[in-house]
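Quick notes on the structure that follows.
The values are calculated or read from the model by the stated rules, or taken from the named source; none is laboratory data. All values reported here derive from a predicted model rather than from experimental measurement. Cβ atoms come from the backbone with ideal geometry, glycine included; neighbour counts cover every protein chain shown.
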Amino acid sequence: MNLVRTGALAAALAIFAGGALAAPLKLQPANPQPNPKPGLDVKYAWEGNPPRKIQNLAKVGFLLKKAKSGKPLRGLDYRDTTEGDPVLTFNEAFNVAAEVTGYIKFDSPGVYELETWSNDGIDAWVGGQQIGYVNGRQGCEANQRTEVEVPQAGWYPLKITYFQKYGTSCLMMKSGKKGERFTWTPNDVFGR
């Protein structure tokens, strides 16, 4: 079973607190507002072979101290691969650690739902709030769906720590305004 930290998940799972619904996590917009280029920045660290070394996010944090910039991501639409395919924009398939940074744009204020998908581990933050966390291995599947409050339209900082141990890989996001369509997040809402 995956180990999931409290924080965003606790807010999402604590549906009833004294009979009331838990409040969405309030995001902080980027200040000042950027004028970013399309995509997301990424740094990679590689543990090498044999492909069974990265076990958790603590190991990823250590590896990322020596990370090097990689080809920017087009967004968060990296569907499940075939085993042995490269991870994201990196040239290796196993034991890859990545730090993804940039911004996500919301067109209007309101309450949104965000859901990360990963294979394997992830620690995802938007606007200063944790929206996804898995500290171990898993197939390409949804992590947790988190409600967030967007106080104003604009760009919000995004940071994701991610690792792929072995097997296949994926890194994706679903989103939608509460009560509206919930779907895969388009690449054009991400900036770097």
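Of note:
- Scan of the stretch 64-98 for residues that are over 18 Å from Asn119 (Cβ atoms), touching a strand residue (DSSP E or B) at 6+ places or on another chain (Cβ under 7 Å) and not in a loop (DSSP other than H, G, I, E, B), ordered by number: Leu64, Lys66, Lys68, Ser69
- Residue under evaluation Ala97, criteria (1) small (Gly, Ala, Ser); (2) in contact with a helix residue (DSSP H, G or I) (Cβ under 8 Å, 6 or more places away or on another chain); (3) surrounded by fewer than 22 Cβ atoms within 10 Å (Cβ to Cβ), criterion not met: (3)
- Strands (runs of 3 or more DSSP E) within the stretch 117-187 that include 3 or more residues aromatic (Phe, Trp, Tyr): 154-164
- Selection over the stretch 37-89 of residues that are over 14 Å from Lys165 (Cβ atoms) and not aliphatic (A, V, I, L, M) gives a count of 25.
- Some residue of the stretch 38-49 being surrounded by fewer than 12 Cβ atoms within 10 Å (Cβ to Cβ), in contact with a strand residue (DSSP E or B) (Cβ under 7 Å, 6 or more places away or on another chain), farther than 18 Å from Tyr156 by Cβ and at pLDDT below 95: no
- Selection within the stretch 176-192 - touching a residue at least 60 places away in the same chain (Cβ under 8 Å) and of a type in the set (Val, Ile, Thr): Thr185, Val189
- Every residue from the stretch 50-68 that is at pLDDT below 95 and among the small types (Gly, Ala, Ser): Ala58, Gly61
- Scanning the stretch 93-109 for residues that are out of contact with any Leu (no Cβ under 9 Å at 6 or more places or on another chain) and of a type in the set (Gly, Ala, Ser) yields a total of 2.
- Considering residues of the stretch 129-171 that are more than 13 Å from the chain's Cα centre (by Cα) and among the small types (Gly, Ala, Ser) only, the residue surrounded by the most Cβ atoms within 10 Å (Cβ to Cβ): Ser169
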